[in-house]
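**Q** The structure is given below, and queries will be raised subsequently.
The values are calculated or read from the model by the stated rules, or taken from the named source; none is laboratory data. Not measured: the values here are computed from a predicted model. Methodologically, a virtual Cβ is constructed for each residue, glycine included, from the backbone with ideal geometry; neighbour enumeration extends over all protein chains shown.
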């Protein structure tokens with residue numbers, strides 16, 4: 001009789017039996033081997049966190065041959081699981097993204113993905129949208145653009161001749177921070193004004209001296225004015241002209257007018273030698289802030305203060321900027 005013993009039992013000599021009539025058999029140890037795989041069959045597999053999944057399974061046995069007499073067991077899996085289906089689930093929504101506009105109505109976006117877990121092997125996909133949108137900045141209106149309006153028409157020149165100024169204006173739309181000035185001006189009608197002449201009527205003859213013999217001396221006066229003026233009504237009294245006559249007391253002869261005075265009045269004006277007078281003081285500024293202008297004038301005169309018929313060279317008026325500082329509440333240009 002014979003039987004296999006374990007390695008541990010083989011060290012215990014009491015387990016040995018001998019039959020002296022038969023020689024012992026050696027090399028009875030056999031290692032185990034897997035048999036063929038069985039066909040695939042449906043099965044369920046519990047993945048723990050992922051839950052139970054429907055899978056395909058197959059198995060094999062360690063019986064070709066089975067291990068004995070201390071032989072090694074089969075090495076490798078005895079069961080294989082494949083094609084386990086898993087339903088997909090959504091991840092949590094992300095935070096809302098940045099609004100598409102800084103002012104005025106825009107929209108913002110948040111997203112999620114079907115990866116918590118992702119579907120596999122025929123599992124159901126996630127149901128619903130992967131992105132969500134909503135309006136934002138609905139109550140925040142955008143500021144209107146700030147810009148200059150077109151220039152207005154030029155105003156009428158301040159004088160008809162002799163140098164004046166006219167201006168035009170524009171407005172800053174939707175605010176007061178437009179760069180530049182709202183007022184523009186330039187010189188106009190720089191040509192010299194035509195010479196205006198005016199003479200007053202003679203006054204009545206008035207006695208100024210009576211002799212002992214009764215003869216009398218009489219005088220009458222008129223005034224002569226001449227100047228380069230845009231408005232003839234601005235002409236003021238200029239040189240005074242005086243005539244003197246002598247009248248006898250008995251009336252036997254006509255009164256005699258002083259010939260010297262008569263010739264003096266008829267002497268023609270001497271042309272030439274004209275020149276500019278000194279500049280007058282500057283006028284007050286046209287406005288108190290935000291850039292105005294002021295002017296000063298000079299007149300063209302000839303010898304003895306008489307205005308020549310030909311204008312002097314140059315302009316009778318000058319202007320310059322003044323009060324260029326910004327008005328209170330306005331930003332500097």
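**Q** Taking the stretch 152-164, which residues are surrounded by 12 or more Cβ atoms within 10 Å (Cβ to Cβ) and without any contact (Cβ under 8 Å) to a residue 60 or more places away in the chain? So that I can check it myself, show each step before the final result.
**A** Taking the stretch 152-164 and keeping what is surrounded by 12 or more Cβ atoms within 10 Å (Cβ to Cβ), we get 152, 154-155, 157-164.
Scanning the stretch 152-164 gives 152, 154, 155, 157, 158.
**Q** Only one of these is farther than 30 Å from residue 295 by Cβ and either modelled with pLDDT of 90 or more or surrounded by 15 or more Cβ atoms within 10 Å (Cβ to Cβ) (or both): 119, 145. Name it.
**A** One residue alone meets the criteria, 119.
**Q** Right, something else. Identify all residues within the stretch 73-93 that are part of a strand (DSSP E or B) and either farther than 13 Å from residue 118 by Cβ or at pLDDT 90 or above (or both); write none if there are none.
**A** First, the residues of the stretch 73-93 that are part of a strand (DSSP E or B): 79-82, 86.
Listed by number, the residues that qualify are 79, 80, 81, 82.
**Q** Let me ask something additional. Limited to the stretch 51-85, what total is found for residues that are surrounded by 13 or more Cβ atoms within 10 Å (Cβ to Cβ) and either free of Cβ contacts under 8 Å to residues at least 12 places away in the same chain or touching a helix residue (DSSP H, G or I) at 6+ places or on another chain (Cβ under 6 Å) (or both)?
**A** 1
**Q** Still on this model: Considering only residues that are over 14 Å from residue 321 (Cβ atoms) and surrounded by 16 or more Cβ atoms within 10 Å (Cβ to Cβ), look in the stretch 165-181 and name the one that is farthest from the chain's Cα centre (by Cα).
**A** For the stretch 165-181, the residue satisfying everything is 166.
**Q** Considering only the stretch 81-119, state which residues are touching a strand residue (DSSP E or B) at 6+ places or on another chain (Cβ under 8 Å) and at positive phi.
**A** 83, the sole residue that qualifies.
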